[in-house]
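Take a look at the structure set out below.
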Amino acid sequence: MADQRASGQRFRVLNVVDDFTRECLVMHVGTSITGHDVVRSLEAVVRFRGAPQAITTDNGPEFAGKALDLWTHDRGITHTFIRPGKPVENAYIESFNGRVRDECFNLHWFQSLDQARLILTAWRQDDNDVRPHTSLGGRTPNEFARLELAG
């Protein structure tokens, strides 16, 4: 997703969300997002969570390039692309991105990337640890993950 700072400089945010637990595992903020940024973010997830069986992305250049293709292939991870113009095929992340926009981007006029990172990190922690999700039976994503992934 993309927004702009108070200076007018655009920035991007890569959100990595587990569609089972609804945990936001990564919010990577940068002036641009490359395939290598995506791979680095996913490597961080693998270190603390293990490799996923599959990932689903849109067709953005950061997802459609060689870096992510090689990374998923080397690890036996299925990479599925949604069909162009069909964001409903990735409805949860679209809904998640809408909440980020409504609750962060629309409320803050970021002065710097560091400020954006700070506010987005606090929002992510609140969403994962404090806010109950009706789709998870009123549990937070981290609570749901602890219960479901432990047993």
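The values are calculated or read from the model by the stated rules, or taken from the named source; none is laboratory data. These figures come from a predicted structure and were not determined experimentally. Every residue, glycine among them, receives a Cβ derived from its backbone with ideal geometry; neighbour counts consider all protein chains shown.
Conditions (1) out of contact with any helix residue (DSSP H, G or I) (no Cβ under 9 Å at 6 or more places or on another chain); (2) within 19 Å of residue 21 (Cα to Cα), marked per residue:
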{"residue": "58", "(1), (2)": "no, no"}
{"residue": "70", "(1), (2)": "no, no"}
{"residue": "90", "(1), (2)": "yes, yes"}
{"residue": "106", "(1), (2)": "yes, no"}
{"residue": "116", "(1), (2)": "no, no"}
{"residue": "141", "(1), (2)": "no, yes"}
Subset of the stretch 22-38 [crowded, with 17+ Cβ neighbours inside 10 Å and over 13 Å from the mean Cα position of the chain (by Cα)]: 35
Search result, residues across the stretch 80-99 that are free of Cβ contacts under 8 Å to residues at least 24 places away in the same chain, surrounded by 14 or more Cβ atoms within 10 Å (Cβ to Cβ) and farther than 16 Å from residue 13 by Cβ: none
Which listed residue, of 99, 124, is modelled with pLDDT of 95 or more, touching a Cys at 6+ places or on another chain (Cβ under 8 Å) and closer than 24 Å to residue 58 by Cβ: 124
Where residue 77 falls short, out of the listed (1) under 13 Å from the mean Cα position of the chain (by Cα); (2) crowded, with 16+ Cβ neighbours inside 10 Å: (1)
Condition met for residue 126 (within 21 Å of residue 35 (Cα to Cα), among the charged types (D, E, K, R) and surrounded by 12 or more Cβ atoms within 10 Å (Cβ to Cβ)): no
Strands (runs of 3 or more DSSP E) completely within the stretch 20-121 that count 2 or more residues being of a type outside the set (A, V, I, L, M, F, W, C) and either in contact with an Asp or Glu (Cβ under 8 Å, 6 or more places away or on another chain) or under 22 Å from residue 140 (Cα atoms) (or both): 24-30
Meets criteria (touching a Leu at 6+ places or on another chain (Cβ under 8 Å), surrounded by 14 or more Cβ atoms within 10 Å (Cβ to Cβ), closer than 18 Å to residue 105 by Cβ and without any contact (Cβ under 8 Å) to a residue 24 or more places away in the chain) for residue 13: no
Hey, residue 144 in a loop (DSSP other than H, G, I, E, B), in contact (Cβ under 8 Å) with a residue 40 or more places away in the chain, more than 15 Å from residue 28 (Cα to Cα) and in contact with a strand residue (DSSP E or B) (Cβ under 8 Å, 6 or more places away or on another chain) or not: no
In the stretch 26-83, the residues that are of a type in the set (Ser, Thr, Tyr) and in contact with a strand residue (DSSP E or B) (Cβ under 9 Å, 6 or more places away or on another chain): 31, 32, 41, 56, 57, 72, 78, 80
Verdict on residue 102 being surrounded by fewer than 18 Cβ atoms within 10 Å (Cβ to Cβ), among the charged types (D, E, K, R) and in contact with a strand residue (DSSP E or B) (Cβ under 9 Å, 6 or more places away or on another chain): no
